[in-house]
Amino acid sequence: MRAAGALFEQRACAELQRAGLKLLDRNYTTRYGEIDLVMLDRDTVAFVEVRHRLTNSHGHAATTVTASKQRKLVQTAELWLATHPYYGNHPCRFDVVSYDGPVDRAEMAWWKQAFDAM
């Protein structure tokens, strides 16, 4: 399962880079959790959560970013910003890149500003 997660993170990173974003960090981990990708979109720091679901019988992959997960992402992003003071005054947002379907045919959706810091 971890291998599939890494594959989708790599796909997401490549797609976002094609869209003009610059990779700043990958798999940033703290005691609160992990941020899959930290990207720069012009002057905005985008904290990106990547999700995959084989089927959508229980909802789409993006719906798995619960309020609890959002809080953890916000806390982790705050620590990332504290350790990267250069970006401290940049606008920030939280994106979700989701993939639904089998690995070889999964459809991507990119939810910019998927949620706000609480």
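The values are calculated or read from the model by the stated rules, or taken from the named source; none is laboratory data. Remember, predicted model here, so these are calculated numbers, not experimental data. Note: ideal-geometry Cβ built from the backbone for every residue, glycine included; neighbour counts use all protein chains shown.
Structure summary
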| read-out | value |
| --- | --- |
| Residue check for V45: at pLDDT 90 or above, within 11 Å of the chain's Cα centre (by Cα) and not small (G, A, S) | no |
| Those residues of the stretch 32-51 which are in contact with a Leu (Cβ under 9 Å, 6 or more places away or on another chain) and loosely packed, with under 13 Cβ neighbours inside 10 Å, in sequence order | R42 |
| Enumeration of residues in the stretch 80-115 that are under 17 Å from L40 (Cα atoms) and charged (D, E, K, R) | R93, D95, K112 |
| Qualifying position, being in contact with a Gly (Cβ under 9 Å, 6 or more places away or on another chain) and either more than 19 Å from A117 (Cβ to Cβ) or at pLDDT 90 or above (or both), among D104, D100, D25, D36 | D36 |
| Counted residues, the stretch 59-97 - those being of a type outside the set (G, A, S), surrounded by fewer than 13 Cβ atoms within 10 Å (Cβ to Cβ), at pLDDT 90 or above and out of contact with any Ser or Thr (no Cβ under 6 Å at 6 or more places or on another chain) | 4 |
| In the stretch 71-109, residue nearest to the chain's Cα centre (by Cα) [restricted to those that are under 21 Å from C13 (Cα atoms) and among the hydroxyl-bearing types (S, T, Y)] | S98 |
| Subset of the stretch 60-70 (residues that are assigned to a loop (DSSP other than H, G, I, E, B) and closer than 22 Å to E15 by Cα) | H60, V65 |
| Q113 being of a type outside the set (A, V, I, L, M, F, W, C) and either part of a helix (DSSP H, G or I) or in contact (Cβ under 8 Å) with a residue 60 or more places away in the chain (or both) | no |
| Members of the stretch 1-24 found to be closer than 15 Å to R93 by Cα, touching a residue at least 24 places away in the same chain (Cβ under 8 Å) and not in a loop (DSSP other than H, G, I, E, B), listed by number | L16, L24 |
| Positions within the stretch 66-88 being touching a strand residue (DSSP E or B) at 6+ places or on another chain (Cβ under 7 Å) and over 16 Å from E49 (Cβ atoms), in sequence order | Y87 |
